[in-house]
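Here is the structure we will look at.
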Amino acid sequence: MSFHPDATAPAARASSAATLTARAVLFDMDGTLVDSTAIVEQVWGEFAARYGLDIAEILRTSHGVQAGDTVRRFAPPGTDVVALTAELGAMERVRTEGIVALPGAAELLRSLPVDAVALVTSADRILADIRMGAAGLAMPATAVTADLVTRGKPHPEGYLRAAELLGVDPADAVVFEDAPAGIAAGLAAGIRTVAIGTNTGPLPDGVLHLPDYSAVSVAVDVDDAGARAIRFRF
């Protein structure tokens, strides 16, 4: 397997050619495949207004994190975290206006072997199905959603489980992520991680940063050991 960015400076990562070879591809959903920013900010804005909280601080730390973890962190003492999380989830499920796929996401998913792709999201399965459908994207056959893990991002559990389900060593996979918590989860799992979009925060050295998938090309072939190789060029 190889991952060779041509430069390590953040500005260079965004524009320099790079190649990467993997056996499996793991995607976050919100902000990575699906742009649902307006809805996410709307729902959390209503949550912040209800309790007089700092919406900027909530948004700064909630991207990529399970809703229950954010509620637990910010809600006033004595709040029924489970009930409030369920209420916010119900709000998100009925709001789909403006949800779109990131540029190039649909084409990238179609170019990948279906048995080599997994979705790893902090959304539950119902919300994941709704948002992928609203964006016109097919749900991968393998999906690790919030209801299937005991510890959400930045813990690596979800990504490790996805690699296991796909039958690959974490070192032979690649993660696409948009948020600091998700990027941390991918790296903690020992998986090479590519950052997508504008919400990534400061990136560790060696993490490639792309605005979207417009310039990503993929070739699927067999390597010298006779195993399938998914070769990316950025």
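The values are calculated or read from the model by the stated rules, or taken from the named source; none is laboratory data. Keep in mind that what you see is a predicted model, and the values were worked out from it rather than measured. Please note: Cβ atoms are built from the backbone with ideal geometry, for glycine as well, and neighbour counts cover all protein chains shown. With ligands, DNA and RNA removed, areas are computed over all heavy atoms of the protein, side chains included. Shrake-Rupley method; radii C 1.70, N 1.55, O 1.52, S 1.80 Å.
What the table shows:
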| read-out | value |
| --- | --- |
| Test: residue in the stretch 189-206 that is open to solvent by 40 Å² or more (accessible area, probe 1.4 Å) and in contact with a Phe, Trp or Tyr (Cβ under 8 Å, 6 or more places away or on another chain) | yes |
| Residues within the stretch 120-142 that are open to solvent by 40 Å² or more (accessible area, probe 1.4 Å) and not in a loop (DSSP other than H, G, I, E, B), tallied | 6 |
| Residue match in the stretch 79-101 (condition: hydrophobic (A, V, I, L, M, F, W, C), closer than 23 Å to D172 by Cβ and either under 19 Å from the mean Cα position of the chain (by Cα) or at pLDDT below 95 (or both)) | no |
| Listing of helices (runs of 4 or more DSSP H) fully contained in the stretch 50-119 that carry 2 or more residues being free of Cβ contacts under 8 Å to residues at least 40 places away in the same chain and open to solvent by 40 Å² or more (accessible area, probe 1.4 Å) | 55-62, 67-74, 81-93 |
| So F232, is it surrounded by 14 or more Cβ atoms within 10 Å (Cβ to Cβ), aromatic (F, W, Y), within 14 Å of the chain's Cα centre (by Cα) and at pLDDT 95 or above | no |
| Those residues of the stretch 23-49 which are hydrophobic (A, V, I, L, M, F, W, C), open to solvent by 60 Å² or more (accessible area, probe 1.4 Å) and at pLDDT below 90, in sequence order | A38 |
| The one condition in (1) β-branched (V, I, T); (2) closer than 30 Å to A227 by Cβ; (3) under 14 Å from the mean Cα position of the chain (by Cα) that V65 fails to fulfil | (2) |
| Of residues in the stretch 212-223 being touching a Leu at 6+ places or on another chain (Cβ under 7 Å) and in a loop (DSSP other than H, G, I, E, B), the one least open to solvent (accessible area, probe 1.4 Å) | Y213 |
| All positions within the stretch 167-206 that are assigned to a strand (DSSP E or B) and either over 25 Å from P103 (Cβ atoms) or among the acidic types (D, E) (or both) | E177 |
| Lone qualifier among H155, H209 - being open to solvent by 20 Å² or more (accessible area, probe 1.4 Å), closer than 16 Å to V65 by Cα and within 14 Å of the chain's Cα centre (by Cα) | H155 |
